[in-house]
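The values are calculated or read from the model by the stated rules, or taken from the named source; none is laboratory data. What you are looking at is a predicted structure, and each value in this text was computed from that prediction instead of being measured. FYI the Cβ positions are ideal-geometry reconstructions off the backbone, even for glycines, and counts take in every protein chain you see. The accessibility values were calculated without ligands, DNA or RNA, using every heavy atom of the protein model including side chains. Shrake-Rupley method; radii C 1.70, N 1.55, O 1.52, S 1.80 Å.
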Amino acid sequence: MKAFSAPGKALIAGGYLVLDKQFDSYVVALSSRMHAVVKGEDSDSIESTIRIKSPQFLEGEWCYKYNHDSSNFRIIEISGRKNPFAEATVLTVLSYANPLISSNISITIFSDPGYHSQENVIQKGQFLYHSQKITDVAKTGLGSSAGLVTVLTTSLLSFYWNTLDIKSLEHLEIIHNLAQVAHCQAQGKVGSGFDVAAATFGSIVYKRFDPSFINDLATDLTKEEQHKEISKVVKLDWGIKNDRVALPKGIRLVMGDIKGGSNTPKLVSKVLQWRKDDPESEKIYSALNESNMKLVESLSKINNLVKTSPEQYTDILSTIKELSSSEILSETDLKLIPFQEVIESTSKIRSNFRVITERSGAEIEPQPQTILLDECNKIKGVLSGVVPGAGGYDAISLLVEENSIGNLLKAKETNPIFKNVEWLSLTEQDIGIQEENVASYIDFL
Ligand SMILES: Nc1ncnc2c1ncn2[C@@H]1O[C@H](COP(=O)(O)OP(=O)(O)OP(=O)(O)O)[C@@H](O)[C@H]1O
Ligand SMILES: C[C@@](O)(CCOP(=O)(O)O)CC(=O)O
């Protein structure tokens, strides 16, 4: 038996731009993780089974069968249940590993509470159990499908390859490329893949791959052809950027779930259409990219300060704790410059998002979110806040001095603007795929 986990994500800079491979984005990996426990044994039957259980959800079990005599990698789910993400992952890893002998594999999935709505649940240990099917439970937008695909890819591959080493960058890249293929095939489209990349590598500055790596994969192939095709593509250098980052010590990411919700594909199609139609769009994209990169750069400056002047840094944090973002901006202390740059670049990101909102009709930072974020900025210890990812009414992400979290809780109690905000109990955990101790899941298997 082995166990692995992969993190959820928040895209705090680079929404929409990340769809284009000329732009970098900043993705934070979260402490809400998707877990998988895998066990299996070889068998002398001609049929192999891969059983995936997700006991936190009603009817959360999918059993895929595969016949070794068959001329292609066709799998069937024995009771006709659908889980496109599980199915695409099984198929992709199977065709890559091309096992010579049959096996029976069982994988149990556990997802941390942050991924789904916490209504009508029973808690067992660290996990919440829902009374509905996975497709009927509301999501919070942390990338459950990317987490699932990445952790499933790792678990299955670890069964077929007992030399799999998730500390090796080469192996991580194989996991990443396979997971991207499976995720795109299950979604029926090639997205930017930042969610799968964060699930694999952790918090990163990410630049996407060329969609042709996946779009050009041939279909209707024989087993040998498919194995060759996927092996070739997985080995290629996809040219992605996945530079590891982490938020500065003492600065916490806080996510506020908004009881609303937006349709990401609709927002994306509106923005892409606007980008084609509006002659000003390239100028706006380029201004937005500049502010994104300024944010990345200022966070990196703060990280350097942590390393080079730790004592001075502790003093700065205690100053920030007492100030709102506009008060930080009016300070003249030179040591505060990188923090002022975080505030200014975030403010520019937001104003560019508002320009796109107005010109494209896609509600990325609609007015109620503007009011909410402006109100957050008045709270002492809150450095900055944005609408993460595709924006809209899904969530807000704040960067907060870690001892000031209490100020957010107080605001929720006293200020009616925060009525529909639920502060999620998660934070950054910058590590991607990691191996876990099987013993911690034994009681839930
Ligand atoms: N714990 C789980 N067990 C089994 N399948 C899961 C689990 N979590 C996610 N899935 C699969 O992923 C699907 C949800 O994927 P979808 O892309 O719609 O949401 P998401 O990845 O959470 O979205 P977002 O990127 O907005 O956060 C589920 O319907 C199911 O097929
Ligand atoms: C709009 C987009 O850039 C980000 C969507 O992010 P999220 O799923 O809202 O976290 C789309 C994408 O990158 O696939």
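Just to be sure I understand: of the beta bridges DSSP finds with both ends in the chain, what percent are antiparallel, rounded to 5?
Details: 61 of 67 bridges.
Looking only at bridges with both residues in the chain, the antiparallel portion is about 90 percent.
Using the alpha-carbon atoms, what tilt in degrees (0 to 90, nearest 10) does helix 367-377 show relative to the longest principal axis of the chain?
Between helix and principal axis, roughly 70 degrees.
Roughly how many Å² is the accessible area per residue of region 25-125, as a whole number, for a 1.4 Å probe?
Working: 4240 Å² over 101 residues.
Accessible area per residue, region 25-125: 42 Å².
Quick check: residue separation of ARG359 and THR135 times 0.36 nm, minus the Cα distance between them. What number comes out in nm?
Working: separation 224, 0.36 × 224 = 80.64 nm, distance 3.40 nm.
Gain on stretching ARG359 to THR135: 77.2 nm.
Ignoring ligands, DNA and RNA, what accessible area per residue does region 147-283 give at 1.4 Å, in Å²?
Working: 6260 Å² over 137 residues.
Each residue of region 147-283 exposes 46 Å² on average to a 1.4 Å probe.
In what sequence, highest mean first, do 411-418, 101-108, 181-188 appear when ranked by Cβ atoms within 10 angstrom?
Values: 411-418: 12.8, 101-108: 18.1, 181-188: 21.4.
Listed from highest to lowest mean packing, they are 181-188, 101-108, 411-418.
Quote the convex hull volume per residue of the chain, based on C-alpha atoms, as a whole number of Å³. If you can, show how the numbers build up before the last one.
Values: hull volume 65.3 nm³, N = 445.
Taking the convex hull of the Cα positions in the chain, it is 147 Å³ per residue.
Take every Cα pair under 8 Å in the chain that's 6+ residues apart, average their separations, divide by the length, and report that relative contact order as a whole percent.
Details: 874 pairs, mean separation 100.4, N = 445.
The value is 23 percent.
By a straight-distance test (C-alpha under 20 Å), which aspartates and glutamates pair with LYS39 as possible cross-link partners, with residues fewer than eight away in the same chain excluded?
Within the straight-line limit of under 20 Å, LYS39 reaches these aspartates and glutamates: GLU47, GLU61, GLU77, GLU87, ASP165, GLU435, GLU436, ASP443.
How large a share of the accessible area of the chain, in percent, is made up of carbon and sulfur atoms when the probe is 1.4 Å and the other protein chains stay in place? Before the final figure, lay out the partial values.
Numbers: 9690 of 19690 Å².
Carbon and sulfur together cover 49 percent of it.
In degrees, nearest 10, range 0 to 90: what is the angle between the Cα axis of helix 223-235 and the longest Cα principal axis of the chain?
Tilt of helix 223-235: around 30 degrees.
By a straight-distance test (C-alpha under 20 Å), which lysines pair with LYS133 as possible cross-link partners, with residues fewer than eight away in the same chain excluded?
LYS53, LYS82, LYS124
Take the Cβ-Cβ distance between HIS68 and LEU236 as r, set R0 to 22 Å, and report the resulting FRET efficiency rounded to the nearest 0.05.
Numbers: r = 28 Å, r/R0 = 1.28.
Efficiency, rounded to the nearest 0.05: 0.20.
When ranked by the protection proxy of mean other Cβ atoms within 10 Å per residue, highest first, what sequence do the peptides 192-205, 85-98 form?
Peptide ranking by packing, descending: 192-205, 85-98.
Would you mind checking the radius of gyration and Dmax of region 1-144 based on alpha-carbon positions, in Å?
17.7, 51
Whole-Å semi-axes of region 207-333's equivalent ellipsoid, largest first, each the root of 5 times a Cα gyration tensor eigenvalue? Kindly include the intermediate steps, with their values, before the conclusion.
On the way: eigenvalues 344, 111, 50 Å².
Each semi-axis is the square root of five times an eigenvalue, giving 41, 24, 16 Å.
What ³J(HN,Hα) values, in whole Hz, does the Karplus curve 6.51 cos²θ - 1.76 cosθ + 1.60 give for region 145-162 when θ = phi - 60°, with x put for Gly and Pro?
My calculation for region 145-162 gives 5, 5, x, 4, 4, 5, 6, 5, 4, 4, 5, 5, 5, 5, 6, 6, 10, 6 Hz in order.
According to the square roots a ≥ b ≥ c of the eigenvalues of the Cα gyration tensor, what is the shape class of region 323-379, taking rounded for a/c under 1.5, prolate for a/b larger than b/c otherwise, and oblate for the remainder?
Details: a/c = 4.54, a/b = 2.04, b/c = 2.22.
Verdict is oblate for region 323-379.
If you look for lysine pairs in region 145-269 that are eight or more places apart or on different chains, how many of them have Cα atoms under 28 Å apart?
26
For region 1-78, what class follows from the C-alpha gyration tensor (a ≥ b ≥ c being the square roots of its eigenvalues): rounded when a/c is under 1.5, otherwise prolate if a/b is larger than b/c, else oblate? Show your work: numbers first, answer last.
Working: a/c = 2.89, a/b = 1.90, b/c = 1.52.
Because a/c hits 1.5 or more and a/b exceeds b/c, region 1-78 counts as prolate.
From the phi of every residue in region 9-17, what ³J(HN,Hα) in whole Hz does the Karplus formula 6.51 cos²θ - 1.76 cosθ + 1.60 yield, where θ is phi - 60° and glycine or proline is x?
Those phi angles translate into 9, 9, 8, 9, 8, x, x, 6, 4 Hz.
I'd like the FRET efficiency for LEU272 and TYR160, computed as 1/(1 + (r/R0)^6) with the beta carbon distance as r and R0 of 25 Å, rounded to 0.05.
Numbers: r = 38 Å, r/R0 = 1.54.
Efficiency, from the Cβ-Cβ distance: 0.05.
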